[in-house]
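Enquirer: Below is the structure I would like to discuss, written out as structure tokens.
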Amino acid sequence: MKKLLIFILVFLICPLAFGTPQTSLNSFEIPIDAVPPGTDNSTNSKHSNGLSDGAVTAITLGSVFGGLSAIGGLGWYLTKHNSGLACGCACGVKTPLKPIFLKDFCTDFSKNKALEKAFALIDKSENKKYLFITDMKIKEKSYNTVIFEIPQNMPNFKIIQVAEGQLNSKLIVSNTEIPVKTNLNNKVIIKQGKIPETKEQNAALVIENYKTEQIYAIIIEFSPS
Amino acid sequence: MKKILIILLIFTGQSVFCADQILSTTLPQVMEIEKIIVENIEYNRDDPMPNMNIKDSTNVDANTITLRLSPVKVQLHTNSSTPISVNATFKELKHTSGIYNFNPSNLLIKPSTYTINDPYDHVITDIFTPYVNVKPDTILGSYRGSILFTLGGL
């Protein structure tokens, strides 16, 4: 009986003690394919110090946008043109990779079978420079980015791309994709083009994978005009 | 005890009845969300907020970019003279194609609560700022999100 009495009292008091909350659920839509390059507050981003025997240092999204903002809107290009793809690895973002002469190249092909296949197809010359991207894994529906220095007086380039499946690679300078001629040679894709005169010192190679996870290697061969 | 209970029940019935009488003749207490304001654009309760967008981004660390979204204010319709609490919760943010959902731990609003100690009709809160932490595995594309505003008396 006492419990019933307490229950009635609580029933009477509650509406006076607490207001009835009201709610509003408001929805919105935002595109996250147009993320502005971030203000780089990171202190622990990994970065590479130029090309070191073809090694690629993997860094992640935070550093990608921060670093890309330094090379003139490339971040905007990437985010606008890679809708539906997650950002994967990137290298050279803090310090762009440097193409090297062939005499400086040394790598172990036992762990880089795709690179070995691409290496067999380059035109080996002392007057050319090369950018080596050793065997790398790219996740499904993602894109990798390689930022590199444009070698002086070597505007002609040839991209030799070896992959297990379908990959799309493109070279971007000053927020613009450089047009190329594409040839397929025994499952190896070779693209040739010319970098127009530019004040930009750096360019980006973007590798897009709309399919399943796969391994690839790329060599870019630069030559004088 | 039974007699007390019977008296109380009769009293309760009368008081409820009387309360109805009083409410019908005196000013009822009003406390409701009137508008949601996103950058000077007003929306009704539960309406979409089409002008919500990304204001800027900050690299928090190597794995995280924080996106700051448009600031939001809440306008109240009330005649309450006692403090009112307004709470905001970032409920969800999902890819429109359903291929990626943000973890709730990466969605936040600062501050999550405002207390209005001296309310008046059409009072507007300070700004609630929604933030989204973008991780390396985030799929680029269009996202649909929602924010829940809750109002309560203190």
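The values are calculated or read from the model by the stated rules, or taken from the named source; none is laboratory data. Note that the structure is predicted; figures quoted are calculated from it, not measured. Positions of Cβ are backbone-derived with ideal geometry, glycine not excepted, and every protein chain shown enters the neighbour counts. Surface areas here come from the heavy atoms of the whole protein model, side chains and all, with no ligands, DNA or RNA. Shrake-Rupley method; radii C 1.70, N 1.55, O 1.52, S 1.80 Å.
Enquirer: Under the definition of partner shielding as Cβ atoms of other protein chains within 10 Å of a residue Cβ, what is the mean value for peptide B:41-54?
Expert: Across the residues of B:41-54, the mean count of other-chain Cβ atoms within 10 Å is 3.
Enquirer: Just to be sure I understand: if you take the accessible area of chain A alone plus chain B alone and subtract the pair, with a 1.4 Å probe, what total do you get in Å², rounded to 100?
Expert: Its buried surface, counting both partners, is about 4300 Å².
Enquirer: Same structure again: Of A:Lys113/B:Lys94; B:Lys55/B:Lys91; A:Lys141/B:Lys55; A:Lys113/A:Lys141; A:Lys103/B:Lys135; B:Lys55/B:Lys94, which sit over 29 Å apart, Cα to Cα?
Expert: A:Lys113/B:Lys94; A:Lys103/B:Lys135
Enquirer: Another question, if that's okay. How do A:180-190, A:206-216, B:39-49 rank on mean C-beta neighbours within 10 Å, highest first?
Expert: The densest-packed peptide leads the list: A:206-216, B:39-49, A:180-190.
Enquirer: Return the distance in nm (one decimal) between the two label points of a simple spin-label model at B:Leu154 and B:Glu42, each offset 7 Å from Cα along Cα→Cβ.
Expert: 2.6 nm
Enquirer: For peptide B:140-153, compute the average count of partner chain beta-carbon atoms within 10 Å of each residue's beta-carbon.
Expert: The shielding value for this peptide is 6.
Enquirer: Need one word for the range A:97-170: rounded, prolate or oblate. Basis is the Cα gyration tensor (sqrt eigenvalues a ≥ b ≥ c); a/c below 1.5 gives rounded, then a/b vs b/c decides.
Expert: It comes out oblate by the Cα gyration axes.
Enquirer: Roughly to the nearest percent, how much of the accessible area of the range A:154-225 is carbon and sulfur, given a 1.4 Å probe?
Expert: Roughly 46 percent of what the probe reaches on the range A:154-225 is carbon or sulfur.
Enquirer: Same structure, new question: May I ask for the distance between the Cα centers of the range B:113-150 and the range A:83-137, given as a whole number of Å?
Expert: 46 Å
Enquirer: Same structure, new question: If each of B:Ile124 and A:Gln152 carries a label point 7 Å out from its Cα toward its Cβ, how far apart are those two points in nm?
Expert: 5.8 nm
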